[in-house]
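The values are calculated or read from the model by the stated rules, or taken from the named source; none is laboratory data. All figures in this text were calculated on a predicted structure; none of them were measured in a lab. Quick reminder, even Gly has a Cβ in these numbers, built from the backbone with ideal geometry, and neighbours come from all protein chains shown. Just the protein is used for accessible areas: all its heavy atoms, side chains included, with ligands, DNA and RNA removed. Shrake-Rupley method; radii C 1.70, N 1.55, O 1.52, S 1.80 Å.
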Amino acid sequence: MKQTIFLWIGILFFCELVRAEDSSRLWLRYDTGADARIVCEQSSPILDIAVSELKNAWQGGGQVTLQIRPASPWDELGEEGYTLRSSGQNREVTITSAGEKGLLYGAYHLLRLQESGADLYADQEFTEKPAYNLRILNHWDNLDGTIERGYAGHSLWQWDELPGTLSPRYRQYARANASVGINATVLNNVNANPRILSTDYLRKVQALAAVFRPYGIQVFLSINFSTPSELGGLATSDPLDPAVCRWWETKVKEIYDLIPDFGGFLVKANSEGLPGPHDFGRTHVDGANMLAAALKPYNGIVMWRAFVYEPGDDDRAKQAYQEFMPFDGQFRDNVIIQVKNGPVDFQPREPFSPLFGAMQQTPVMPELQITQEYTGFSNHLCFLAPMWKEVLESDTWQQGEGSTVARVTDGSVYPQSLTAIAGVANTGDDVNWCGHPFAQANWYAFGRLAWDHTLTSQQIADEWLAQTFSLYKAGETETDNSRAVLLHAQLTRMMLDSHEAVVDYMMPLGLHHLFAFGHHYGPEPWCDLPGARPDWLPRYYHRADREGLGFDRSATGSNAVAQYHAPLNALYGNMDSCPDELILWFHHMPWDYVLGTGRTLWDELCYWYNRGVEEVRGFQKVWDQAERYVDDKRFRQVQHRLKIQARDAVWWRDACLLYFRTFSRLPIPYELERPVHELKDMMEYRIDITNFECPPYGFTK
Ligand code: GCW
């Protein structure tokens with residue numbers, strides 16, 4: 001009898017565990033009910049959250065004190081930074097900050113240390129402060145609930161229900177952001193619907209802002225430049241028209257009456273068919289400054305995107321620089337230019353945008369893409385921290401050696417009061433938020449790097465894994481535990497290698513934009529749509545012909561290299577010195593050109609594609625070992641997606657090599673695996689993305 005009862009208790013406990021494992025808790029998987037001793041003399045919505053998080057989850061015993069210290073002009077940590085002191089002897093932790101938000105971030109950091117297995121009572125004192133003032137998510141969420149380039153379901157924002165009904169996920173979203181230091185969000189797509197500024201929608205935005213505020217999160221909106229005419233009924237949206245200026249001033253006042261801490265506007269103008277100041281014969285400066293003037297009285301800002309390009313004769317990669325450099329210094333002080341990490345468009349690998357560091361009188365902010373538009377959607381495991389680190393650590397040389405992209409944008413090199421970094425969000429209403437369990441790591445990594453870009457990818461992967469999978473806790477014996485330690489190391493390695501693997505099987509050696517037209521999932525290097533914009537077709541980028549492959553951006557070609565500061569212009573501009581990783585970005589290389597490895601371009605291409613495939617197969621082997629240590633649901637989700645990724649990698653390799661082979665007419669090196677697809681079949685195949693939420697995908701004919 002007793003045994004049966006125990007058995008039932010066991011079964012119920014097990015069911016509860018399984019039920020709980022739906023990935024919805026992200027990296028915030030603390031055991032609750034700790035009832036820890038937390039002391040904080042003040043109370044406020046932000047502080048109350050800091051206290052309750054610790055009270056619930058702090059397992060360190062002793063006491064944690066949260067203290068606001070008087071702000072002083074010498075306090076370099078600001079309102080968001082903090083000092084954390086711990087004493088082993090007294091089992092005490094004290095976090096001090098000049099601001100409430102600093103204490104909230106300190107509290108989350110303490111819990112992060114706990115969950116990632118740090119020694120909680122090593123006598124220590126350290127300070128933390130964010131690298132960028134604004135660490136902001138950009139949601140490409142449409143008002144109809146769809147998400148442009150979103151792969152985790154529909155929008156989190158239930159516009160139909162707002163403002164009356166507040167989904168519990170809003171608070172969970174805010175909490176997750178705060179836990180990694182993200183302090184702002186743009187709620188709607190940069191391809192903005194004018195209706196977002198209608199009073200109806202502003203009331204919905206107000207309701208969201210109220211949920212986010214206690215987590216230190218400020219709300220911004222993307223605006224459509226033609227809103228005065230489209231929504232306001234004006235005859236024009238010309239930024240120099242006094243009636244248009246007045247319209248914006250009135251609208252901005254309405255917004256601030258509803259949301260006093262509203263952050264400002266994000267603007268995509270005269271880009272990919274969206275309206276902008278050019279439509280009225282005005283410039284980006286006219287447009288941005290007009291909005292900035294309306295926002296200024298409320299301390300609002302304008303984030304004006306530099307993602308602009310027109311079909312024409314000139315290289316797309318050069319256009320943002322050409323269009324924006326002449327305006328350097330002409331923007332108002334509450335305008336910041338938002339620049340994608342690379343000069344084209346979030347490709348798996350690009351060199352950094354030459355605008356970084358070059359604009360010296362205007363603040364510039366990097367825009368990174370967390371959602372995996374070009375890296376396998378939510379099917380492929382691709383940890384993006386290494387890619388972002390590569391960009392942030394690229395040396396622009398604009399002010400001598402060490403003027404890295406990070407340092408020219410975070411205020412270290414140029415004195416700027418406005419510093420910011422944006423990430424295009426990968427969240428949706430899927431239970432697990434991001435589609436792929438490992439895609440959560442990219443949301444996490446964006447926050448951590450925006451806070452501290454000197455963290456290594458390894459540190460970030462390490463702490464995310466420890467918090468998200470708790471492998472060590474699974475082991476029952478010492479052998480189990482030491483296996484878990486080894487597995488943790490292998491999984492970290494898998495994450496760290498995953499971005500390079502994706503580059504290898506999709507677009508190695510600097511190739512870019514070989515994607516299928518429209519949805520950007522699979523390969524279509526041959527794509528040729530009559531009437532399509534040439535700069536939206538892969539041929540524009542790979543330029544394969546009988547002689548060779550790649551885009552000549554050297555002095556003999558488009559001369560995009562001239563936009564880079566010395567010595568990079570020469571380094572990139574010369575085939576012999578250009579890094580292999582970027583060689584086809586900058587050069588049209590002969591098929592038989594011998595690279596540093598001693599292999600010809602063609603052979604090297606085959607090797608890199610194959611390496612990508614092999615790497616993914618390696619990830620499968622590592623992941624299968626996790627079966628005993630990870631809950632069944634997440635284990636199978638990842639396992640299933642790795643299968644898709646492995647199939648897709650072969651598809652990418654076969655498609656690109658067989659297609660390029662029609663130009664090189666060279667054999668795939670005989671020691672390498674042979675293609676398993678026919679080029680003709682792959683060219684006829686159309687990916688069905690109408691139901692992209694439920695795999696399987698991949699080339700199966
Ligand atoms: O990467 C491209 C995307 C578009 C996107 C655009 C942009 C929101 O394919 O979907 O539009 O860039 O960043 O504006």
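Multiply the residue separation of Asp22 and Tyr540 by 0.36 nm, subtract the distance between their alpha-carbon atoms, and state the gained length in nm to one decimal.
Details: separation 518, 0.36 × 518 = 186.48 nm, distance 4.31 nm.
Length difference between fully extended and current span is 182.2 nm.
Let me make sure I get this right: for segment 155-227, a, b and c are the square roots of the gyration tensor eigenvalues over alpha carbons, sorted descending. Under 1.5 in a/c it's rounded, otherwise prolate if a/b > b/c, else oblate. Which is it?
Working: a/c = 2.21, a/b = 1.44, b/c = 1.54.
Since a/c reaches 1.5 but b/c is at least a/b, the shape of segment 155-227 is classed as oblate.
With a probe of 1.4 Å, find how much accessible area segment 181-278 has per residue, and write the answer as a whole number in Å².
On the way: 3040 Å² over 98 residues.
With all protein chains present, segment 181-278 gives 31 Å² per residue.
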- Query: Residues of segment 383-491: accessible area per residue at 1.4 Å, in Å²?
  - Reply: 33
- Message: Just to confirm a number: summing +1 for Lys and Arg and -1 for Asp and Glu over residues other than Gly62 whose beta-carbon lies under 11 angstrom from that of Gly62, what do you get?
- Response: +1
- Modelled label reach - Glu161, point 7 Å along Cα→Cβ, segment 114-148 residues with backbone N closer than 15 Å: 145
- Task: Quick one: check the C-alpha center-to-center distance for segment 495-528 versus segment 390-450, whole angstrom.
- Result: 22
- Note on the structure: segment 56-70 and segment 555-594 have their Cα centres apart by a whole-number Å value of 54
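Report the charge-dipole magnitude of segment 78-121 in Debye, nearest 20, computed about the Cα centre from +1 at each Lys and Arg Cβ and -1 at each Asp and Glu Cβ. Display every interim value, and only then the final one.
Working: 4 positive and 6 negative charges, 20 e Å.
Once rounded to the nearest 20, the dipole reads 100 debye.
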- Net lengthening on full extension, Ser116/Val431 (0.36 nm per residue, minus Cα-Cα): 111.0 nm
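On the protein heavy atoms, probe 1.4 angstrom, tell me the percent of accessible surface of segment 81-159 carried by carbon and sulfur. Intermediate results must be reported in sequence, preceding the final value.
Numbers: 1080 of 2710 Å².
Ligands and nucleic acids excluded, carbon and sulfur reach 40 percent.
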- Message: Going by Cα centres, segment 289-336 and segment 99-157 are how many Å apart?
- Response: 28
- Sorted by packing (mean other beta-carbon atoms within 10 Å per residue), highest first, where do 141-149, 330-338, 114-122 land? 330-338, 141-149, 114-122
- Each residue of segment 162-175 in order: what ³J(HN,Hα) in whole Hz does its phi give by Karplus 6.51 cos²θ - 1.76 cosθ + 1.60, θ = phi - 60°, with x for Gly and Pro? 6, x, x, 10, 10, 5, x, 6, 4, 5, 5, 4, 5, 5
- Across segment 637-654, in residue order, what do the Karplus-derived ³J(HN,Hα) couplings come to in whole Hz, using 6.51 cos²θ - 1.76 cosθ + 1.60 with θ = phi - 60° and x for Gly and Pro? 4, 6, 4, 4, 5, 5, 5, 4, 4, 5, 5, 5, 4, 5, 4, 4, 4, 5
- Task: Report, largest value first, the span of the C-alpha coordinates of the chain along each principal axis, in whole Å.
- Result: 74, 73, 50
- Message: Quick check on packing: order 489-500, 23-34 by the mean number of other C-beta atoms within 10 Å, highest mean leading.
- Response: 489-500, 23-34
- Largest-first principal axis extents, alpha carbons of segment 286-341, Å: 42, 20, 16
- Query: Given a 1.4 Å probe and every protein chain left where it sits, what share in percent of the accessible area of segment 276-334 is carbon and sulfur?
  - Reply: 45
- Message: Taking 31 Å as the cut-off for C-alpha to C-alpha distance, list the pairs among Lys101/Lys340; Lys340/Lys621; Lys389/Lys621; Lys251/Lys389 that go past it.
- Response: Lys340/Lys621; Lys251/Lys389
- Message: For a quick check: with amide H placed at 1.01 Å from N, whose amide H comes under 5 Å from Asn270's, ignoring anything fewer than 5 positions away on the same chain?
- Response: Gly276
- Note on the structure: Taking r as the C-beta separation of Asp144 and Arg617 and R0 as 51 Å, the FRET efficiency to the nearest 0.05 is 0.80
- Query: ³J(HN,Hα) across segment 655-665 via Karplus (A = 6.51, B = -1.76, C = 1.60, θ = phi - 60°), whole Hz, x for Gly/Pro?
  - Reply: 4, 6, 5, 5, 5, 5, 5, 5, 9, 6, 6
- Query: 222 nm [θ] for the chain, helices only, -39500 (n - 2.57) per DSSP H run of 4+, per residue, to 500?
  - Reply: -12000 deg cm²/dmol
- Quick one: if you stick a label point 7 Å off each Cα along the C-beta vector at Arg628 and His565, how many nm between them? 5.4
- Message: Quick check: pseudo-label points 7 Å beyond the Cα along Cα→Cβ at Asp31 and Gln322, how many nm apart are they?
- Response: 6.3
- Message: Between Arg246 and Ser198, how high is the FRET efficiency from 1/(1 + (r/R0)^6) when r is the Cβ-Cβ distance and R₀ = 25 Å? Nearest 0.05.
- Response: 0.90
- Task: Pull up all non-local amide H partners of Thr404: gap of 5 or more, or a different chain, and H-to-H distance under 5 Å with H placed in the peptide plane.
- Result: Thr396
- Residues whose modelled amide H sits under 5 Å from the amide H of Gln338, counting only those 5 or more places away in sequence or on another chain, are Trp304, Arg305, Ala306, Met365
- Report, ordered by chain and residue number, the lysines lying within cross-link reach of Lys680, taken as a straight Cα distance under 17 Å and ignoring same-chain residues fewer than 8 apart. Lys701
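Gain in length, Glu478 to Gln89, computed as 0.36 nm per residue apart minus the alpha-carbon separation, to one decimal in nm? Intermediate values should be presented prior to the final figure.
Values: separation 389, 0.36 × 389 = 140.04 nm, distance 2.92 nm.
Answer, rounded to one decimal: 137.1 nm.
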- Message: Suppose a student asked you for the relative contact order of the chain, using Cα pairs under 8 Å spaced at least 6 residues apart; what percent would you report?
- Response: 11
- Of the DSSP beta bridges with both residues in the chain, give the percent that are antiparallel, rounding to the nearest 5. 30
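What's the FRET efficiency of Gln67 with Asp257 using the Cβ-Cβ distance as r and R₀ = 30 Å, to the nearest 0.05? Walk me through the numbers on the way to the answer.
Working: r = 35 Å, r/R0 = 1.16.
After rounding to 0.05, the efficiency reads 0.30.
With a 1.4 Å probe and every protein chain left in place, work out the accessible area per residue of segment 493-646 in Å², rounded to a whole number. Write down the numbers at each step before the final one.
On the way: 5660 Å² over 154 residues.
Result: 37 Å² per residue.
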- Distance from a point 7 Å along Cα→Cβ of Asp452 to each backbone N in segment 89-117: keep the residues under 12 Å and list them by number. 106, 109-110, 112-113
- Message: Ignoring ligands, DNA and RNA, please state the percent of accessible area on segment 399-454 from carbon and sulfur, probe 1.4 Å.
- Response: 46
